[in-house]
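A short worksheet on the structure shown next.
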Amino acid sequence: MITTLTFDTKKRDEMIDITSYIQDIITNAGIKEGMVVVQSLHTTAGITVNENADPDVQTDVLRRLDELYPWEHTLDLHGEGNTAAHLKTSTVGHSQTIIVTNGVLLLGTWQGIYLCEFDGPRSRRKVSVKTIQSE
């Protein structure tokens, strides 16, 4: 089963914790054992698993990505001017696969699933979620 979630983002760069949305999909699908694939359908928004206890981690990750990929670079040729967003998405990745056991996402104590916006604000960012039931 594939479910598509839609999110509106508010900033150029932000990390949105979508863990509860993914867990709801698993619960509603009745998946007890299996896995879930979470995939961004955009070239300037990624998916990552990272700490969800201290919001400073999100701030630090976004700052460090900005340091690696400055928004403006005199040698960038891409006409839309968002090369940094494409590079950030390539670095973070566009998808994550997470194990489901006993009907729950198998995440560490401090882990959460994030939609990473790198070219916002945007409306209707799409995240597809594929649930896979083990036999």
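The values are calculated or read from the model by the stated rules, or taken from the named source; none is laboratory data. Quantities reported herein were computed from a predicted structural model and do not represent experimental measurements. For neighbour counting, all protein chains shown are included, and Cβ atoms are generated from backbone atoms with ideal geometry for every residue, glycine included. Ligands, DNA and RNA are excluded from the accessible area calculation, which covers all protein heavy atoms including side chains. Shrake-Rupley method; radii C 1.70, N 1.55, O 1.52, S 1.80 Å.
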Query raised in the report: Within the range 80-95, is even one residue hydrophobic (A, V, I, L, M, F, W, C) and over 26 Å from Val129 (Cβ atoms)?
Result: yes
**Report entry** Unique match (being loosely packed, with under 12 Cβ neighbours inside 10 Å, closer than 16 Å to Glu117 by Cα and at pLDDT 95 or above) among Thr89, Thr48, Thr43, Thr6
**Finding:** Thr6
Report summary line: Going through the range 68-102 in order, the residues found to be hydrophobic (A, V, I, L, M, F, W, C) and either in contact with a helix residue (DSSP H, G or I) (Cβ under 7 Å, 6 or more places away or on another chain) or in contact (Cβ under 8 Å) with a residue 40 or more places away in the chain (or both) are Trp71, Ala85, Val92, Ile98, Ile99, Val100
Requested in this report: Would you check which residues across the range 93-108 are assigned to a loop (DSSP other than H, G, I, E, B) and over 17 Å from Gln39 (Cβ atoms) and list them?
Outcome: Asn102, Gly103, Leu106, Leu107, Gly108
Query - Residue that is nearest to Leu106 (Cα to Cα), among those in the range 1-13 that are assigned to a loop (DSSP other than H, G, I, E, B) and in contact with a helix residue (DSSP H, G or I) (Cβ under 6 Å, 6 or more places away or on another chain) - result: Met1
**Report entry** Residue list for the range 51-74, restricted to those being of a type in the set (Asp, Glu), open to solvent by less than 90 Å² (accessible area, probe 1.4 Å) and not in a helix (DSSP H, G or I)
**Finding:** Glu51, Asp54
Report task. Only residues in the range 38-55 that are hydroxyl-bearing (Ser, Thr, Tyr) count as the first member; pair them with residues that are part of a strand (DSSP E or B), Cβ under 6 angstrom, at least 6 apart or cross-chain, and list the lot. Result -> Ser40/Gly46; Ser40/Ile47; Ser40/Val127; Thr48/Tyr114; Thr48/Cys116
Report task. Could you identify the single residue in Ile25, Ile16, Ile31 that is surrounded by 13 or more Cβ atoms within 10 Å (Cβ to Cβ), assigned to a loop (DSSP other than H, G, I, E, B), at negative phi and at pLDDT 95 or above? Result -> Ile31
Query raised in the report: Is it the case that some residue within the range 107-125 is touching a Leu at 6+ places or on another chain (Cβ under 7 Å) and surrounded by 13 or more Cβ atoms within 10 Å (Cβ to Cβ)?
Result: yes
Query raised in the report: Is there a residue being part of a loop (DSSP other than H, G, I, E, B) and among the β-branched types (Val, Ile, Thr) anywhere in the range 82-92?
Result: no
Report summary line: When the range 34-50 is checked residue by residue, the ones that are in a strand (DSSP E or B) and among the polar types (S, T, N, Q) are Gln39, Ser40, Thr48, Asn50
